[in-house]
Amino acid sequence: MAVLTLGIESSCDETACAVIEDGRIVRASMIASQADLHSQYGGVVPEIASRMHVEAIVPVISETMKQADVRYEDINAVCVTKGPGLVGALLVGVSAAKALCEVKKIPLVGVNHMAGHIAANYLSDPSWEPPFLCLVVSGGHSEILLVKDYSDMECICSTRDDAAGEAFDKIARVIGLGYPGGPKLDKASKTGDPHAYTFPSPKITDSLDFSFSGIKTAALNMINQVRMSGEDVNINDFAASYQDAVCSILCDRLEKAVKQTGMKKICLAGGVSANSCLRAKVEDLAQRKHCALCLPKMAYCTDNAAMIASEGYYAFISGVRDNLDMNAYPSLELGGVYGN
């Protein structure tokens, strides 16, 4: 008999719900985005995000169940993002999930948001399964994980300061592209010259760790110098050059991780996995190193509940259950996927 998991995601500015069958088949998936609202402020405003989640959560869950054509009695587990994320936003989803589980007597499974992003690959390629190396890149995360099993992950390296997604967003705002910065930077780069500007690479020799504070500072200094000289920054060229430099750093570390571990299966996860430059560079790496590759479908790169329901399925069938006193954990680490 098929196992149906209901996923709920509210970690940032997307109120999402999904019903997934056996961790791989999407029965229904809905997202209520707040991006247009937050764009006028240049970024996500936590208080506004929380209030919008409160307004959207019940209608989104109800409509998802309707589209999936299932009853609550058919749902085997409610899987909800418990962290990391904005604490107010997380609490809306966690509270809704706990109330639903209490009323309908359904098991509760708290899911690590970043583990959910990794599970997006299972939705994109039903044949994809551990073990593999995963480059996780988002606004708050930049790390390479050796995924040994669905709930057994070893961190190979992480960032020592800024995440790649934050580095994209910051520079996008400074050159006037606005919010959301990453996608707009990617779009601007399409007609730019990736060799027009030169940026430094981090000089870390004792590990594979990332560092993006230096390249971000170099970009800010370069922008100021150009403007102080009375010239204009060529936005498309700058976007293309900066994006290429950041993605080159990411792929350089991934290539070294492949060599270090001997793993010949690689994939991407996180919001920045939608970046066209990064996807192209990882595809090239996979071809050169003869690695099997999975790139998450664009619909599952950004925050969604299908990935939460998928990851939650594997936790559920392995026996994971959470009590109704489960809290939201804004700084939840990925190493302890099902820990606090």
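Over the chain, what is the mean sequence separation of C-alpha contacts under 8 Å (at least six apart), divided by residue count, expressed as relative contact order in percent?
Taking the mean separation of contacting Cα pairs over the length of the chain, I get 26 percent.
For helix 87-104, what angle does its Cα long axis make with the longest principal axis of the chain, in degrees from 0 to 90 and rounded to 10?
The helix 87-104 is inclined about 20 degrees to the chain.
Based on the Cβ-Cβ distance of S39 and C155, what FRET efficiency does E = 1/(1 + (r/R0)^6) give at R0 = 45 Å, to the nearest 0.05?
Efficiency computed from Cβ-Cβ geometry: 0.85.
On C-alpha positions alone, give me the angle between the axis of helix 235-261 and the longest principal axis of the chain, in degrees, nearest 10.
In the chain, helix 235-261 runs at an angle near 70 degrees to the longest axis.
Modelling each spin label as a point 7 Å along the Cα-to-Cβ direction, I'd like the N327/A196 distance in nm, to one decimal.
A separation of 4.9 nm, rounded to one decimal place.
What number, in nm² with one decimal, is the all-direction average of the projected area of the convex hull of the alpha-carbon atoms of the range 189-252?
Seen from a random direction, the Cα hull of the range 189-252 projects 4.4 nm² on average.
When Rg is the radius of gyration of the Cα atoms in the range 238-289 and Rh is its Kirkwood radius, what does Rg/Rh come to?
0.97
Tell me, how many Å apart are the Cα centres for the range 274-304 and for the range 208-262?
Each part reduced to its Cα centre gives a spacing of 19 Å.
Place a +1 charge on the Cβ of each Lys and Arg in the chain and a -1 charge on the Cβ of each Asp and Glu, then give the dipole magnitude about the Cα centre in debye, rounded to the nearest 20.
The dipole of the chain has a size of about 380 debye.
Among 303-309, 272-278, 155-161, how do they line up from the highest to the lowest mean number of other beta-carbon atoms within 10 Å?
Descending mean neighbour count gives 303-309, 272-278, 155-161.
Pop out the ³J(HN,Hα) list for the range 181-198 in order, Karplus 6.51 cos²θ - 1.76 cosθ + 1.60 with θ = phi - 60°, rounded to Hz; leave Gly and Pro as x.
x, x, x, 6, 5, 4, 5, 5, 5, 4, 10, x, 9, x, 10, 6, 10, 10
Could you pull out every one of the lysines with an alpha carbon less than 23 Å from that of K104, ignoring same-chain neighbours closer than 8 positions?
The qualifying lysines are K66, K82.
Regarding the range 31-97, what are the three Cα extents along the principal axes, ordered largest first, in Å?
Largest first, the range 31-97 extends 41, 22, 15 Å along its Cα principal axes.
The range 35-71 to the range 122-178: how many Å between their Cα centroids?
24 Å
Over the Cα atoms of the range 130-298, Rg to Rh with Kirkwood Rh, two decimal places?
0.99
Short version: ³J(HN,Hα) in whole Hz for each residue of the range 135-148, in order, from phi by Karplus 6.51 cos²θ - 1.76 cosθ + 1.60 (θ = phi - 60°), x for Gly and Pro, what are they?
8, 9, 9, 8, x, x, 9, 8, 7, 10, 10, 8, 8, 7
Over the range 248-340, consider all pairs of different Cα atoms and compute the Kirkwood hydrodynamic radius from their mean reciprocal separation; express it in Å, one decimal.
15.6 Å
Give the Rg (one decimal place) followed by the Dmax (whole number) of the chain, computed from C-alpha coordinates and expressed in Å.
My reading of the Cα-based Rg and Dmax gives 20.1, 69 Å.
Could you pull out every one of the aspartates and glutamates with an alpha carbon less than 12 Å from that of K105, ignoring same-chain neighbours closer than 8 positions?
E73, D74
Amide H neighbours of R27 under 5 Å, counting only residues 5+ apart in sequence or on other chains, H built in-plane at 1.01 Å?
V19, I20, E21
Please enumerate, by chain and number, the lysines with C-alpha under 22 Å from the C-alpha of K256, excluding those fewer than 8 residues away in the same chain.
Straight-line reach from K256, under 22 Å: K148, K203, K264, K265, K281, K289.
Coordinate-derived values only; no laboratory data. Being a predicted model, the structure only gives us computed values, none of them experimental. Don't worry about glycine lacking a Cβ; one is built from the backbone with ideal geometry, like all the others, and counts go over all protein chains shown.
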